Amino acid sequence: MISNPVSLKAYNTFGIDASCDRLIEINSEEELSEILPIPHKEVRVLGGGSNILLTGDLERKVLHNQIKGIKVLKENDSYVLVEVGGGHDWHQFVMWAVSHGYGGIENLSLIPGTVGAAPIQNIGAYGVEQSEFFVSLTMYDLTTGKDHILLEEDCRFGYRDSIFKGPLKGKCFITSVRYKLTKKHELRMDYGAIKKKLVEKMIAYPTIRDVSEMVIEIRKSKLPDPRELGNSGSFFKNPIVTTSKFNRLIAEFPEMPHYSIDDETVKIPAGWLIDQLGWKGKRIGDVGTYEKQALVLVNHGKATGGELWDFAKMIIQEVEDHYGIVLIPEVNVW
Ligand code: EPU
């Protein structure tokens with residue numbers, strides 16, 4: 001246990017120097033049970049700190065999820081059911097799966113953060129979301145101290161969304177997550193950047209390791225490494241608009257990239273909207289957008305969370321004024 005008050009600078013990938021009253025490391029369910037119950041308004045649960053923006057000091061305790069480990073629970077010729085500690089590093093888990101020949105999550109290589117945070121955000125990249133391989137999780141209700149198992153259908157997964165961003169927001173601690181991984185793989189290589197890499201590398205029969213390596217290369221070329229430049233990946237969600245609104249937009253902005261979701265809705269890349277308005281690579285003081293991806297906000301050094309949030313609000317306002325679309329942050333603003 002580390003005593004108070006403690007800086008969270010090393011615990012968030014934006015590198016914001018904000019503090020909390022007390023930082024409590026949780027290494028096991030037993031340690032968690034000793035601490036709980038605590039009214040949820042008095043605590044925050046922290047994983048890898050890769051999807052939060054600290055806008056000021058937290059006058060709360062922070063529970064740092066450090067529950068690690070991977071266990072194979074069941075397997076047959078086609079699948080393996082694994083249980084992973086909520087505080088386990090996500091990318092290490094993907095690397096473990098790839099090295100054992102277990103497939104499904106290779107497109108999610110190099111995503112920063114912990115396994116316990118993956119369902120909250122329903123992390124996704126290059127055509128795959130974690131929900132497709134998710135089976136169940138164990139969570140503790142902070143206020144009651146009781147544990148519960150939630151199945152896939154209980155979690156209400158959507159695009160970068162789940163019950164943990166809705167009714168259960170800030171109310172629980174995820175101790176373990178179970179995934180069903182494949183032994184007979186169905187590789188997912190529809191994403192343009194992956195297709196391009198396959199041709200470049202002249203790989204005719206790719207393996208899950210090849211896909212993982214290509215995704216790592218693509219991510220490294222497009223996204224900043226938080227160890228070198230503070231960031232939280234995509235800062236905003238890609239907005240989803242109705243088809244009728246989209247038809248009006250495309251008439252005015254024929255170049256607008258878009259992905260049809262169903263008959264009624266269309267997704268538009270927020271990075272493109274922000275880029276079009278001249279914000280790519282822009283910098284005000286120590287806050288900016290990444291030079292290669294306008295959707296990623298960066299801390300060039302000593303930015304505060306308040307400055308980052310003000311910058312984000314300027315972007316939201318300009319996109320709304322120009323396109324009539326309200327961007328919603330993907331990161332959790334604390
Ligand atoms: N674009 C621009 N300018 C930019 C950025 C993007 O014009 O500055 C255009 C691109 O040319 C492309 C489109 O926008 O036509 C989409 O860009 P990209 O393929 O880079 O993906 P994205 O929609 O910006 C999403 C996820 C990423 C994920 C990638 C790959 C969200 C909010 N972001 O980004 O996830 O890695 O697709 O699947 O859904 C994250 O969540 O932190 C994250 C990095």
Practice prompt. Starting from region 151-178, keep only residues that are surrounded by 18 or more Cβ atoms within 10 Å (Cβ to Cβ), then list their pairs with residues that are of a type in the set (Ser, Thr, Tyr) whose Cβ atoms are within a distance under 6 Å, requiring at least 6 positions of separation or different chains.
Written response: Cys155/Ser162; Phe157/Ser131; Phe173/Tyr140; Thr175/Thr138; Ser176/Thr138; Arg178/Ser136
Discussion item. I'm checking my understanding of the structure. Among residues of region 237-274 that are of a type in the set (D, E, K, R) and out of contact with any Gly (no Cβ under 9 Å at 6 or more places or on another chain), which one is nearest to the ligand (Cβ to nearest atom)?
Written reply: Lys237
Discussion item. Need pairs with beta-carbon distance below 7 Å; first residue charged (D, E, K, R) and within region 52-72, second in a loop (DSSP other than H, G, I, E, B); sequence gap 6+ or separate chains.
Written reply: Asp57/Ala18; Lys68/Gly87; Lys68/His88
Fill in: Index of the failed condition, Ile24 passing every other in (1) in a loop (DSSP other than H, G, I, E, B); (2) β-branched (Val, Ile, Thr); (3) not assigned by TED's automatic domain parsing to the domain that holds Gly127
(1)
Item to complete: Kindly indicate the residue of region 303-334 that is within 14 Å of the ligand (Cβ to nearest atom) and under 22 Å from Gly49 (Cβ atoms) and also most open to solvent (accessible area, probe 1.4 Å) among those meeting that condition.
Response: Ile328
Worksheet item: Based on what the data block shows, is Ile67 within 16 Å of the ligand (Cβ to nearest atom) and within 29 Å of Pro37 (Cα to Cα)?
Response: no
Item to complete: Working carefully through the options Pro37, Pro5, find the one that is farther than 30 Å from Asn299 by Cα and either modelled with pLDDT of 95 or more or over 19 Å from the mean Cα position of the chain (by Cα) (or both).
Response: Pro37
Discussion item. Please go through (1) buried (at least 23 other Cβ atoms within 10 Å of the Cβ); (2) free of Cβ contacts under 8 Å to residues at least 60 places away in the same chain; (3) among the small types (Gly, Ala, Ser); (4) over 24 Å from Asp225 (Cβ atoms) for Ala118 and return the number of the only condition it doesn't satisfy.
Written reply: (4)
Worksheet item: Any idea how many residues of region 198-231 are within 30 Å of Tyr323 (Cα to Cα) and either within 13 Å of the ligand (Cβ to nearest atom) or open to solvent by 70 Å² or more (accessible area, probe 1.4 Å) (or both)?
Response: 7
Worksheet item: Do the conditions hold for Ala312, that is, is it in a loop (DSSP other than H, G, I, E, B), under 24 Å from Arg219 (Cβ atoms) and not assigned by TED's automatic domain parsing to the domain that holds Gly170?
Response: no
Worksheet item: Just one of the numbered conditions (1) within 16 Å of the ligand (Cβ to nearest atom); (2) open to solvent by 70 Å² or more (accessible area, probe 1.4 Å); (3) small (Gly, Ala, Ser) is not true of Ser234; which one?
Response: (2)
Item to complete: For region 280-302, state whether one or more residues are touching a residue at least 60 places away in the same chain (Cβ under 8 Å), β-branched (Val, Ile, Thr) and either within 14 Å of the ligand (Cβ to nearest atom) or in a helix (DSSP H, G or I) (or both).
Response: yes
Worksheet, complete the sentence: Filtering strands (runs of 3 or more DSSP E) wholly in region 30-107 for at least 2 residues that are within 14 Å of Trp334 (Cβ to Cβ) gives 43-46, 58-65
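The values are calculated or read from the model by the stated rules, or taken from the named source; none is laboratory data. Since the structure is predicted, the reported quantities are computational estimates derived from the model, not experimental observations. For neighbour counting, all protein chains shown are included, and Cβ atoms are generated from backbone atoms with ideal geometry for every residue, glycine included. In case anyone asks, the SASA skips ligands and DNA or RNA and just uses the protein heavy atoms, side chains included. Shrake-Rupley method; radii C 1.70, N 1.55, O 1.52, S 1.80 Å.
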